[in-house]
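The values are calculated or read from the model by the stated rules, or taken from the named source; none is laboratory data. In this text, all values refer to a predicted model and were calculated from it rather than measured experimentally. Cβ: placed from backbone, ideal geometry, glycine included. Neighbour counts: every protein chain shown. The protein model used for the area step is the full one, side chains on, heavy atoms only, and it has no ligands, DNA or RNA in it. Shrake-Rupley method; radii C 1.70, N 1.55, O 1.52, S 1.80 Å.
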Amino acid sequence: MVEIGATGVPEISADWYEDIVGVAAHAPEPVRWFAGHFTEGVIVLLGVLLLTAALLQLRGGSPRRRAVALVAPVPVVLAYACSEWLKTIVDEDRPCRTLAEPIIAGTCPPPGDWSFPSNHATIAAALAVATLLLSRRLGLVAVPLALLAAFSRTFVGVHYPHDVAAGALLGTLMVLLVTPLLARPTAEVLRRRAGTDRPLPDAVGGTGRR
C-alpha cells in the first residue's frame with residue numbers, strides 16, 4: 001500500500017470530510033434525497049451532453065472537429081482505466097469504513113472497493129472536458145455538473161475530498177493530453193477521404209461555437 005501521510009490519508013482531507021458529511025447529515029430531507037440520486041445519475045447526463053456535442057460536430061464540423069468527436073470517448077475510457085489501476089496501487093479504505101460518521105449513501109461500498117481516486121469524479125471530469133472541447137455552449141453546462149458530481153461523492157460520504165480532487169485532475173489531464181494525439185491523425189484520414197489538400201491546424205482548436 002502507498003501511504004498518503006502518516007495515517008494513509010491527509011489530515012486536512014479527513015477533517016474536510018467530517019465537516020462536509022456533518023452538514024449533509026443535517027441537511028433537509030429533499031436535499032439528501034437529491035444528492036443521493038444525483039451522484040449516480042449525473043454521469044448519464046454528462047454522457048448525453050458529450051454525445052450531443054459529438055453528433056453536432058459529426059454533422060457539420062470541420063475535419064478537425066469531426067476527428068475530436070470520433071476520438072473523444074477514448075480518453076474518457078483511458079481515464080477510467082487509470083483510476084481503476086491507481087485504486088489497486090494505493091489501496092485506500094473508504095472513509096465510510098474508517099470514520100464513524102453518518103452518510104447519505106444507503107450503504108458503504110464493500111471492502112476492496114478502494115477510495116482513491118474517485119471513479120465518478122474521474123469520469124465526470126473527462127466527459128465534461130471532452131464536451132467543452134467540442135462545444136462551448138454544452139461544455140459550460142457540463143463543467144459545473146462535473147464539479148457537482150465530484151463534490152457529491154464526498155457529500156454522500158463515500159469519498160474523501162482528495163479522492164475526488166485527484167479523480168477530477170486525472171480525467172481532465174487525460175482528455176487534454178490524449179485527445180490532440182489521436183485527433184490529428186484521425187483528421188488527416190478524414191481530410192484525405194474528403195479529397196481536400198488544405199493543411200490542418202496544429203492544435204485541437206479550442207471550443208466549438210455550437
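Where does the chain land at 222 nm, in deg cm²/dmol rounded to the nearest 500, when only DSSP H runs of n ≥ 4 count, each adding -39500 (n - 2.57), divided by all residues?
-24000 deg cm²/dmol
Can you list the DSSP H helices in the chain whose Cα atoms extend at least 24 Å along the helix axis and whose mean Kyte-Doolittle hydropathy is -0.5 or higher? Write out the running numbers ahead of the final one.
Working: long enough: 29-60 (45 Å, 1.08); 73-90 (26 Å, 1.15); 136-155 (28 Å, 1.16); 161-194 (48 Å, 0.71).
In the chain, the long hydrophobic H runs are 29-60, 73-90, 136-155, 161-194.
Under the 0.36 nm per residue contour assumption, what length would be gained going from the current alpha-carbon distance of His37 and Thr98 to full extension?
Full-extension gain reported as 19.6 nm.
Could you calculate the contour length gain from Arg192 to Leu140, that is, 0.36 nm times the residue separation minus the distance between their Cα atoms, to one decimal place in nm?
Net length gain for the segment: 15.4 nm.
Given a Förster radius of 25 Å and the C-beta distance between Leu177 and Glu84 as r, what FRET efficiency does 1/(1 + (r/R0)^6) yield to the nearest 0.05?
E between Leu177 and Glu84, to the nearest 0.05, is 0.85.
Considering only protein heavy atoms and a 1.4 Å probe, what is the carbon-and-sulfur percentage of the accessible area of the stretch 76-162?
Solvent-exposed carbon and sulfur of the stretch 76-162 make up 69 percent of the total.
Please list Thr172, Thr107, Thr122 in order of solvent-accessible area, largest first, computed with a 1.4 Å probe with all protein chains present.
The most accessible residue leads, giving Thr107, Thr172, Thr122.
Counting only the heavy atoms of the protein chains, how much of Arg94 is accessible to a 1.4 Å probe, in Å² to the nearest 10?
Its heavy atoms expose roughly 10 Å² to the probe.
Roughly how many nanometres apart are two label points built 7 Å out from the Cα toward the Cβ at Val44 and Asp91?
3.6
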